[in-house]
Amino acid sequence: MPTIGPGVREIRIHTAGEYRVCYVAKFAEAIYVLHVFEKRTRKTSPRDVAIGRQRYQALIALR
(Lines give C-alpha, C1' and ligand atoms only; values in the text may rest on other atoms or scores of the structure.)
Protein backbone atom coordinates (compact mmCIF):
# COMPACT_ATOMS: atom_id res chain seq x y z
CA MET A 1 0.00 0.00 0.00
CA PRO A 2 2.14 2.87 -1.21
CA THR A 3 -0.49 5.31 0.09
CA ILE A 4 0.70 4.40 3.60
CA GLY A 5 4.42 4.25 2.89
CA PRO A 6 7.15 2.69 0.75
CA GLY A 7 7.37 -1.07 1.20
CA VAL A 8 4.02 -1.39 2.97
CA ARG A 9 2.09 -4.48 1.90
CA GLU A 10 -1.33 -5.81 2.78
CA ILE A 11 -2.78 -9.22 3.44
CA ARG A 12 -6.42 -9.66 2.47
CA ILE A 13 -8.44 -12.05 4.59
CA HIS A 14 -11.75 -13.19 3.12
CA THR A 15 -14.04 -14.78 5.72
CA ALA A 16 -17.56 -13.84 6.79
CA GLY A 17 -16.21 -10.28 6.49
CA GLU A 18 -13.28 -8.61 4.76
CA TYR A 19 -10.18 -7.88 6.82
CA ARG A 20 -6.86 -6.25 6.00
CA VAL A 21 -3.45 -6.45 7.65
CA CYS A 22 -0.97 -3.72 6.67
CA TYR A 23 2.65 -4.55 7.35
CA VAL A 24 6.25 -3.67 6.50
CA ALA A 25 8.75 -6.49 5.86
CA LYS A 26 11.64 -4.55 4.34
CA PHE A 27 13.72 -4.31 7.50
CA ALA A 28 16.07 -7.17 8.43
CA GLU A 29 15.22 -7.23 12.13
CA ALA A 30 11.45 -7.72 12.03
CA ILE A 31 8.13 -7.63 10.24
CA TYR A 32 6.11 -4.71 11.58
CA VAL A 33 2.32 -4.86 11.60
CA LEU A 34 1.09 -1.30 11.21
CA HIS A 35 -2.69 -1.70 11.24
CA VAL A 36 -5.40 -4.36 11.10
CA PHE A 37 -8.97 -3.47 10.27
CA GLU A 38 -12.28 -4.70 8.90
CA LYS A 39 -13.01 -3.36 5.46
CA ARG A 40 -16.67 -2.55 4.98
CA THR A 41 -16.60 -0.73 1.65
CA ARG A 42 -14.70 -1.13 -1.61
CA LYS A 43 -12.44 1.81 -0.83
CA THR A 44 -10.16 1.84 2.21
CA SER A 45 -11.38 4.51 4.59
CA PRO A 46 -9.25 7.65 4.96
CA ARG A 47 -9.17 6.98 8.73
CA ASP A 48 -7.53 3.57 8.24
CA VAL A 49 -5.01 4.98 5.76
CA ALA A 50 -4.18 7.79 8.21
CA ILE A 51 -3.63 5.34 11.08
CA GLY A 52 -1.30 3.22 8.94
CA ARG A 53 0.58 6.30 7.72
CA GLN A 54 1.04 7.64 11.29
CA ARG A 55 2.34 4.30 12.52
CA TYR A 56 4.70 4.00 9.56
CA GLN A 57 6.12 7.46 10.24
CA ALA A 58 6.53 6.61 13.94
CA LEU A 59 8.38 3.41 13.00
CA ILE A 60 10.75 5.30 10.71
CA ALA A 61 11.37 7.92 13.42
CA LEU A 62 12.25 5.17 15.97
CA ARG A 63 14.61 3.37 13.63
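The values are calculated or read from the model by the stated rules, or taken from the named source; none is laboratory data. Computed from a predicted structure; not experimentally measured. Please note: Cβ atoms are built from the backbone with ideal geometry, for glycine as well, and neighbour counts cover all protein chains shown. The protein model used for the area step is the full one, side chains on, heavy atoms only, and it has no ligands, DNA or RNA in it. Shrake-Rupley method; radii C 1.70, N 1.55, O 1.52, S 1.80 Å.
Things to note:
- Here residue 62 and residue 41 are evaluated by their C-beta separation; at R0 = 35 Å the FRET efficiency comes out at 0.65.
- Per residue solvent-accessible surface (Å²) - the chain, probe of 1.4 Å: 72 Å²
- Full-extension gain in nm, residue 18 to residue 54, via 0.36 nm per residue minus C-alpha separation: 10.7 nm
- Once backbone amide H atoms are built at 1.01 Å from N, residue 7 has no partners under 5 Å, excluding neighbours fewer than 5 places away on the same chain.
- Relative to the longest principal axis of the Cα atoms of the chain, the long axis of helix 46-62 makes an angle of roughly 20 degrees.
- Over all projection directions, the Cα-based convex hull of the chain averages an area of 4.2 nm².
- Whole-percent carbon and sulfur share, accessible surface of the chain, 1.4 Å: 56 percent
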